[in-house]
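Taken together, the values in this text are just the output of simple stated rules run on the coordinates, not laboratory data. From a predicted model like this one, the values you see are computed outputs, not experimental measurements. All Cβ positions, even for glycine, are placed from backbone atoms using ideal geometry, and neighbour counts span all protein chains on display.
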Amino acid sequence: LCSYRVSSLLYVVAACRLLFLKWHQQEADWKSLSVSKRSVKFCLFITLGTYGVVYKACFRDSNEMVALKKIRLENEADGVPSTAIREIAMLKEARHPNVVKLHDVILENARLYLVFEYLSMDLRKYMDSLPPGQLIPESKVKSYCYQITEALCFCHMRRIMHRDLKPQNLLIDNNGNIKIADFGLARAVGVPVRPYTHEVVTLWYRAPEVLLGAARYSLPVDIWSLGCIFAEMSTRKPLFHGDSEIDQLFRIFRILGTPDDDKWNGVSALPDFRIDFPVWTECNLRRYVPHLNDKGFNLLLKMLVYDPAVRINAKAILKDQYFEDLDKTKLPSYGFVPEIP
């Protein structure tokens, strides 16, 4: 037993030493990193993105804060990963005040760095930072929902679907602004719409057509995710928090009712639909979002329509009466004129 404890301790020490050496090597890398000949003062780990590690960094000459997304290239025989190329292309196309800004792209030492504007907090951390029982002010929920929709509308008009909308990918600042980030899973919608992978969108925000194995899906998957986020902002609780795909489906069915071909044309033909699914007949959504006013609730219902062909689109959301009393002159997009390519 003593020998086992000693060997375990040695293993832990060796692991810690390895981690320290790895960290030290990363620190050395940052000290030599420069962006357009501007050296980086320091770098702190923030989070893991879809296809890379994200750091907070500071330029030595100006103290300007940026977010650096580091993508390793050693295992990419064909050079820069297609996912990174796609993310860069999408961000270049989606230049909008409510989309996180890509400042620069750096390729050096078998690493690719994407340099973004830095925002100190995401929506998930903001909600978690509130005292127990305190909700996000209704005016802020409305403003955030509108700003996210503006960014989505801008992307969707350019046939870009984000495919991974969730609170962690929505960055906020201290001025009431919110921006969509992490386009690592974003795709351009082709004509005709081609089959895409089902492994998109964090489970809690995944649209039912994706959960049921639809070979073809499109922009409405983002609207479903937005609806889930809208509901969560009003309660600080995820609306559908499943721990597996089937559990996620059943949680949706319990709240919205089990879909059939009358509610959703063609649902029974989807690959993962089963005729022996439990049948919940009632829509209990109102019970789960008691703090939304009637206009907000009616908008949420339109976002969470089962049939993607009938689900409301971003442009229609912006015109919804729920936003009639929102002062749009105070939003970052007010007066925004899109760049001409």
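How large is the convex hull of the Cα atoms of region 50-180 per residue, expressed in Å³ as a whole number?
Each residue corresponds to 126 Å³ of Cα convex hull volume.
Would you work out the Kirkwood radius for region 226-285? I mean one over the mean of 1/r across all pairs of different Cα atoms, in Å. Taking the inverse mean of 1/r over all distinct Cα pairs, region 226-285 comes out at 12.5 Å.
Sort largest first and round to whole Å: the equivalent ellipsoid semi-axes of region 205-318, each the square root of five times a Cα gyration tensor eigenvalue.
Values: eigenvalues 92, 53, 33 Å².
Rounded to whole Å, the semi-axes are 22, 16, 13.
Counting only C-alpha contacts under 8 Å and six or more residues apart, can you give the relative contact order of region 121-330 as a whole percent? Before the final figure, lay out the partial values.
On the way: 293 pairs, mean separation 44.5, N = 210.
Reported relative contact order: 21 percent.
Calculate I(q)/I(0) for region 121-330 by the Debye formula, one identical point scatterer on each C-alpha and no solvent, and give its log10 at q = 0.14, 0.16, 0.18 Å⁻¹ to two decimals. With one equal scatterer per Cα and no solvent, log10 I(q)/I(0) is -0.83, -1.10, -1.40. Projection of the Cα convex hull of region 124-237, averaged over all directions and equal to a quarter of that hull's surface, yields 7.1 nm².
Counting only residues at least eight positions apart within a chain, or on another chain, the lysines with an alpha carbon under 22 Å from that of Lys237 are Lys125, Lys140, Lys142, Lys166, Lys179, Lys295, Lys302. Each peptide in 154-166, 308-320 gets a packing score, the mean of other Cβ atoms within 10 Å over its residues, and the list from highest to lowest is 154-166, 308-320. Of the two radii for region 215-259, the radius of gyration is 0.99 times the Kirkwood radius, both from the alpha carbons; that is the Rg over Rh value.
Applying the Karplus relation 6.51 cos²θ - 1.76 cosθ + 1.60 with θ = phi - 60° to region 271-282 yields 3J(HN,Hα) values of x, 9, 7, 10, 5, 9, 4, x, 9, 9, 8, 9 Hz, where x marks Gly and Pro. Estimated translational diffusion coefficient (Stokes-Einstein, Kirkwood radius over Cα pairs, 37 °C, 0.692 mPa s) of region 105-144: 246 µm² per second. Only one residue of Cys228, Leu249, Val267 has its Cα farthest out toward the positive end of the dipole of region 121-330, where Lys and Arg carry +1 and Asp and Glu -1 on Cβ, and that residue is Cys228. When each of Glu324, Glu232 is scored by the number of other beta-carbon atoms lying within 10 Å, the sequence from fewest to most is Glu324, Glu232.
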